[in-house]
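What follows is a set of notes on a single structure, which appears directly below.
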Amino acid sequence: MQTMKQLSKSIGMTLNHEAVEAVEPDASMVDTGVGNRLRRRRSACIIGAGVSGLVAAKVFLSSGYEVFVAEKGPEIGGVWAPSKSYPGVRTQTPRDLYCFTDFPMPDSYPEWPTGHQVYQYLCNYARHFGVMPKIHLNTDVRRLSRLKAGDGWEVELSNGGNVHVHNFDVVVICSGRFSSPKRLALPGSEDFKAAGGVIVHSSEYLSNDQAKGKDVVVLGYSKSATDLAMEALAAKARSVTVIYREATWKLPYFFGNLVNFKNILYCRASEAMFMPWSPSAVGRFLRKLFAPFNLGELARPGGASRVAV
Ligand SMILES: Cc1cc2nc3c(=O)[nH]c(=O)nc-3n(C[C@H](O)[C@H](O)[C@H](O)COP(=O)(O)OP(=O)(O)OC[C@H]3O[C@@H](n4cnc5c(N)ncnc54)[C@H](O)[C@@H]3O)c2cc1C
């Protein structure tokens, strides 16, 4: 079993990461202030360096923990990492609602920052709060095992083919809801690819050259799908077709090119339109009555639909 210092070093050597933690020999001991007795500093392993992992690391650091952030990808930022972002991606949430409360986005940022701006912002956040040196890129957490009650977790980390096992007092899972592409196994897709067709997940659409001059079919009708349909159009695709199972109402950034949607969506009246877990009969009736403003029922079930744009 390696100490945290040895683990950081052995993983750091294979990373070429600007900021591998330099742990002092006595860094795991803290002065309790009571008769100068020293006790071991508690350790936390944070899985993932997206928005959630970064803020978790910051909080554990400020609470005096030794922090080790394992990020399986080559960059921080999670869904905002440049290696996963399609061109033209922007937040849906306005800038001042998508920032950490103790670290505002720069005034120069637009109301809906681009993916790259969010990535830069997250890098600055990690640097500002001293999280960056704790992050270990290309480091995949492959297994967690509970140690005997109260003793924390054994964590198996894989980095560039090297496997390390280390014990932590706390493990925080910040692995993200959208960090693994959902791939479809569709009959005929192998033949389609053999004939020269290309199938990519939205996180693999990294350049508009991928759509230029092509007949593009977008599967799905949520944010990434509609963004990518627009991107493909802008990229001068020969045709763009959107195929989806469930229609959803789309909210524009501005209603009537005038009213910012945040002034309509983020208020108590619209919150009341979200379907609660157990709606009453009256609540259900009101939500039906006020559809399509009923945000809990915007998605309508139905057969596959097709929109050519
Ligand atoms: C295109 C797009 C636009 C979005 N826009 C908005 C928006 O405007 N507003 C909003 O509120 N939300 C938006 N979201 C939702 C977004 O997912 C969250 O806002 C937030 O970024 C999620 O952060 P996260 O840290 O929880 O997860 P992620 O960003 O997914 O980060 C998880 C990280 O964990 C890493 N990881 C996973 N498993 C392991 C493992 N075993 N070992 C090591 N590392 C691991 C992943 O590599 C990843 O870097 C958007 C999502 C997408 C995809």
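The values are calculated or read from the model by the stated rules, or taken from the named source; none is laboratory data. As the structure is a computational prediction, the values presented were derived from the model and not from experiment. Note that we place each Cβ from the backbone using ideal geometry, even for glycine, and neighbour counts take in every protein chain shown.
Assorted remarks:
- When Val216, Val198 are screened for being of a type in the set (Val, Ile, Thr) and exposed (fewer than 14 other Cβ atoms within 10 Å of the Cβ), only Val198 passes.
- Filter pass, Arg177 being within 13 Å of the ligand (Cβ to nearest atom), assigned to a strand (DSSP E or B) and not aliphatic (A, V, I, L, M): no
- Residue match in region 57-68 (condition: touching a Leu at 6+ places or on another chain (Cβ under 7 Å) and under 30 Å from Ala232 (Cβ atoms)): no
- Restricting Tyr98, Tyr86 to residues that are more than 7 Å from the ligand (Cβ to nearest atom) and in contact with a Ser or Thr (Cβ under 9 Å, 6 or more places away or on another chain) narrows the list to Tyr86.
- Single match in Ala149, Ala185, Ala195 (criterion: at negative phi, more than 15 Å from the ligand (Cβ to nearest atom) and modelled with pLDDT of 95 or more): Ala195
- Any hit, region 34-55, residues being surrounded by 19 or more Cβ atoms within 10 Å (Cβ to Cβ) and modelled with pLDDT under 95: no
- Tally of residues being more than 9 Å from the ligand (Cβ to nearest atom), closer than 20 Å to Gly73 by Cα and either free of Cβ contacts under 8 Å to residues at least 40 places away in the same chain or part of a helix (DSSP H, G or I) (or both) across region 152-162: 2
- Across region 101-118, the number of residues qualifying as touching a helix residue (DSSP H, G or I) at 6+ places or on another chain (Cβ under 6 Å) and either more than 24 Å from Asn260 (Cβ to Cβ) or more than 12 Å from the ligand (Cβ to nearest atom) (or both) comes to 3.
- Scanning region 59-75 for residues that are near the ligand (Cβ under 7 Å from one of its atoms) and either surrounded by fewer than 18 Cβ atoms within 10 Å (Cβ to Cβ) or not small (Gly, Ala, Ser) (or both) returns Glu71, Lys72.
- The combined condition, being more than 14 Å from the chain's Cα centre (by Cα), under 30 Å from Leu233 (Cβ atoms) and in contact (Cβ under 8 Å) with a residue 12 or more places away in the chain, is not fulfilled by Trp80.
- Candidates in region 101-150 are the residues that are of a type in the set (Ser, Thr, Tyr) and outside any helix (DSSP H, G or I); of these, the one that is nearest to Glu75 (Cα to Cα) is Thr139.
- Extreme residue, farthest from the chain's Cα centre (by Cα), among residues of region 88-98 that are part of a loop (DSSP other than H, G, I, E, B) and buried (at least 19 other Cβ atoms within 10 Å of the Cβ): Pro94
- Condition met for Val165 (part of a loop (DSSP other than H, G, I, E, B) and surrounded by fewer than 17 Cβ atoms within 10 Å (Cβ to Cβ)): no
- Among the conditions (1) surrounded by 13 or more Cβ atoms within 10 Å (Cβ to Cβ); (2) away from the ligand (no atom under 12 Å from the Cβ); (3) free of Cβ contacts under 8 Å to residues at least 24 places away in the same chain, Val131 misses just one, which is (3).
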